[in-house]
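The block underneath contains the structure these notes are about, expressed in structure tokens.
The values are calculated or read from the model by the stated rules, or taken from the named source; none is laboratory data. Since the model is a prediction, treat every value here as computed from it, not as a measurement. Counting neighbours? That spans all protein chains shown, and the Cβs are built from the backbone with ideal geometry, glycine included.
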Amino acid sequence: MRGARRRFKGKYDICTFYLVPGGTLLFASLGSWTDTNFSVLGSLAANRLFLGLWGAGIVLYYVLYVRYLFCIGRYRRPWGNSLVSLSAAFLLTAVMIPYLPEKYPLGAALHVLLAFFSPILLTVGIIGFLRFLSSRNRQRFRRAWVILWALAGCALAFLLHAGFITSFLEVFVVLSLCGFLRYMERLLAV
């Protein structure tokens with residue numbers, strides 16, 4: 001008989017519960033959650049360093065965490081890692097390009113495109129991973145699919161409701177992805 005059931009502690013719990021949400025909420029608190037977004041906040045001279053550090057931290061966290069999940073899930077398909085790497089490169093590049101549409105309209109447009117497609121590429125990489133896992137045990141990962149599609153649907157609803165990417169949407173995407181990755185780790189660690 002097993003002893004008392006111990007509480008699951010994930011490898012990235014400090015980042016998942018404290019560092020990433022704390023930095024994200026702190027950055028979002030610099031402006032309105034519904035009338036602005038991280039690009040606009042980061043374009044202010046006083047916030048550029050914070051945006052750069054936050055962006056680099058987010059990229060490092062997601063790349064390391066997703067690759068860790070790929071490892072414990074025995075997922076070795078190169079295109080999955082490529083999508084995660086491309087997503088990271090998009091976000092890092094977007095963070096490095098200042099969002100100043102009046103001064104640099106092409107740079108601002110590139111910033112928006114890269115920042116928009118970064119989480120989409122990451123999600124496509126995760127979908128490939130979930131497909132791989134589901135091919136081995138469909139029932140075990142059924143709830144993960146429901147959660148992933150619910151999160152994507154909520155994000156799309158927030159985008160359509162506001163008509164543009166808001167700080168609220170960005171906070172939602174970051175925090176929900178943290179929770180989803182933690183949930184996946186728990187599924188894989190059992």
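Let me spell it out: the conditions are (1) free of Cβ contacts under 8 Å to residues at least 60 places away in the same chain; (2) assigned to a loop (DSSP other than H, G, I, E, B), and S82 meets all of them except one. Which number is the exception?
It is condition (2) that S82 fails.
Determine which member of the set G80, G125 is crowded, with 21+ Cβ neighbours inside 10 Å, out of contact with any Leu (no Cβ under 8 Å at 6 or more places or on another chain), of a type outside the set (K, R) and under 30 Å from R186 (Cβ atoms).
On the way: G125 fails: out of contact with any Leu (no Cβ under 8 Å at 6 or more places or on another chain).
It is G80.
For the stretch 65-77, give me each residue that is buried (at least 20 other Cβ atoms within 10 Å of the Cβ) and over 11 Å from F129 (Cβ atoms).
Y65
For L110, all conditions in the list (1) part of a helix (DSSP H, G or I); (2) farther than 22 Å from L148 by Cβ; (3) touching a residue at least 60 places away in the same chain (Cβ under 8 Å) hold save one; what is the number of the exception?
Here L110 meets the rest and fails (3).
Consider the stretch 131-152. How many of its residues are crowded, with 17+ Cβ neighbours inside 10 Å and in a helix (DSSP H, G or I)?
Looking only at the stretch 131-152, we keep the residues that are crowded, with 17+ Cβ neighbours inside 10 Å, and these are 132-133, 141, 144, 148, 151.
Filter once more, so that each one left must be in a helix (DSSP H, G or I): 132-133, 144, 148, 151.
Of the residues in the stretch 131-152, 5 are crowded, with 17+ Cβ neighbours inside 10 Å and in a helix (DSSP H, G or I).
Only residues that are part of a helix (DSSP H, G or I) and either exposed (fewer than 14 other Cβ atoms within 10 Å of the Cβ) or in contact with a strand residue (DSSP E or B) (Cβ under 8 Å, 6 or more places away or on another chain) (or both): list them for the stretch 26-45, please. Spell out how you get there, then give the answer.
Taking the stretch 26-45 and keeping what is part of a helix (DSSP H, G or I), we get 26-28, 38-43, 45.
The answer is L26, A45.
Spot the failing condition for F90; the list is (1) in contact (Cβ under 8 Å) with a residue 40 or more places away in the chain; (2) within 15 Å of the chain's Cα centre (by Cα), and only one is missed.
Evaluating F90 over (1) in contact (Cβ under 8 Å) with a residue 40 or more places away in the chain; (2) within 15 Å of the chain's Cα centre (by Cα) leaves (1) as the failure.
Filter the stretch 2-25 down to residues that are part of a helix (DSSP H, G or I) and at pLDDT below 90, then give me how many there are. Please lay out each step first, then the result.
Taking the stretch 2-25 first, the residues part of a helix (DSSP H, G or I) are 13-25.
Those left that are additionally at pLDDT below 90: none.
Count: 0.
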